[in-house]
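One structure is given below, encoded as structure tokens.
Only the coordinates and a few stated rules stand behind these numbers; no lab work does. The structure presented is a predicted model; accordingly, all values stated were derived computationally and were not measured. Using ideal geometry, Cβ is built from the backbone for each residue, glycine included, and neighbour counts are taken over all protein chains shown.
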Amino acid sequence: MRVISLLPAASEIVAYLGATEHLIGITHECDFPPIIASRPRVTSATIPSAGAHGSASAGEVDAAVREASEAGRSLFTLDEETIRALHPDVILTQALCDVCAVSETDVRALAARLAPAPRIVTLGGTTIDGIFADIRAVAEALGAQDEADELIAGDLARLRTVHDTLKAERAPRPRVLVIEWTDPVYVAGHWAPEQVHRAGGRDVLGTAGAHSVTATLEQCIAADPEVVVIAPCGYDLAAARGEANHLMTLPEWSWLLGRQVWAMDANGLVSRPGPRVVDGVETMARMFNPSLFSELDPRHGVRVA
């Protein structure tokens, strides 16, 4: 089985299923686990990157995305020559966000030009259960259903442990705001509000399963969060921490003072719909109720205020 992954989360799913030997091509953004780094990269971005993969500011990236969208230009390019030479049997893609990865439409158009045409497996989970369904879809394509059952059973057990610990201690649910982008402000949607809930918090603006939405600073202030998690899409912990520290210096963000402010590895644990969303739940649980859980992994999150 020869598999090309056009989504970092899909690459992680393949790896967690123990099937990296089948992975023959990955995106320019695939960075975990390190074992996949030697695979040919078959995508590139047409706009500047921020966070874990670039040095542009959040505002600069947003402006570039809007300009490209208005001009009808794709945000990503596919290296068709390399993909053709790799002779994939399966291509893993997504139908969730054209800003985050190559669009499914572009992938299907390319696949139709290949002979034989590879099978397209499209991921689109917007909840944790949806992510588990995506894992099963990848596993079915790879003939790794048993491995998927084991992986998901382990993840469900970990989630149950968090739930049972919080329930046993009748832990209070702090009011939480997860910021997915800072300029303009986007409130995290999709699975992130569910992560907050499963971790023992109460999301004050995000809606589980729904798209991320813009919010004004006035709306953020009115929501009165006790905990603010700075987790910009695609930012690793170092970049998220840098962004959070920058926000703390701006007068318009002075409302953060007096609240718990955390930076989180969004690229790995929040914005990527793969197996590590469960690590994200456990990380948030340690933020919200640190006395009930083991010490927070410093690679996953850090308090900045």
Full extension from MET1 to ARG73: what is 0.36 nm times the residue separation minus their Cα-Cα distance, to one decimal in nm?
-> 22.6 nm
Helical mean residue ellipticity (222 nm; -39500 (n - 2.57) per DSSP H run of 4+; nearest 500) of the chain = -12000 deg cm²/dmol
Isolated Cys residues of the chain, judged by Cβ distance under 4.7 Å to other cysteines = CYS30, CYS220, CYS233
Long-range HN-HN contacts of ALA305 with modeled amide H, under 5 Å | VAL261
Using a 10 Å cut-off on Cβ atoms, rank the peptides 278-291, 75-88, 155-168, 12-25 from the highest mean neighbour count down.
-> 278-291, 12-25, 75-88, 155-168
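Test of understanding: what is the full-extension gain from ALA305 to GLN145, defined as 0.36 nm times their sequence separation minus their Cα-Cα distance?
On the way: separation 160, 0.36 × 160 = 57.60 nm, distance 4.40 nm.
So the chain would gain 53.2 nm between ALA305 and GLN145.
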If one computes the Cα centroid of segment 23-82 and of segment 193-238, what distance in Å separates the two points?
-> 25 Å
Could you list, bin by bin from short to long, the percent of Cα-Cα pairs of the chain in 10 Å steps?
-> 6, 27, 34, 23, 8, 1, 0
Kyte-Doolittle at least -1.0, axis length at least 27 Å by Cα - qualifying DSSP helices, the chain = 145-168
To the nearest Å, what is the center-to-center distance of segment 158-188 and segment 272-292, using C-alpha atoms only?
-> 8 Å
VAL65 versus GLU80, label points 7 Å from Cα toward the beta carbon: distance in nm?
-> 2.7 nm
Scattering from the C-alpha atoms of segment 166-303 alone, worked out with Debye: what is log10 I(q)/I(0) at q = 0.14, 0.17, 0.21 1/Å?
-> -0.55, -0.84, -1.34
Pull out the extension gain between SER254 and LYS167, defined as 0.36 nm times the separation in residues minus the alpha carbon to alpha carbon distance; nm, one decimal.
-> 27.9 nm
Report ³J(HN,Hα) in whole Hz for each residue of segment 207-220, in order, from the Karplus equation J = 6.51 cos²θ - 1.76 cosθ + 1.60 where θ = phi - 60°; Gly and Pro get x.
-> 10, 4, x, 9, 5, 5, 10, 6, 8, 7, 5, 4, 5, 4
Under 5 Å between amide H atoms, partner at least 5 residues away or on a different chain: which partners does SER271 have, H built in plane at 1.01 Å?
-> GLY234
Picking from PRO184, PRO251, PRO40, which is most flexible by a Gaussian network model of the chain using Cα springs under 10 Å?
-> PRO251
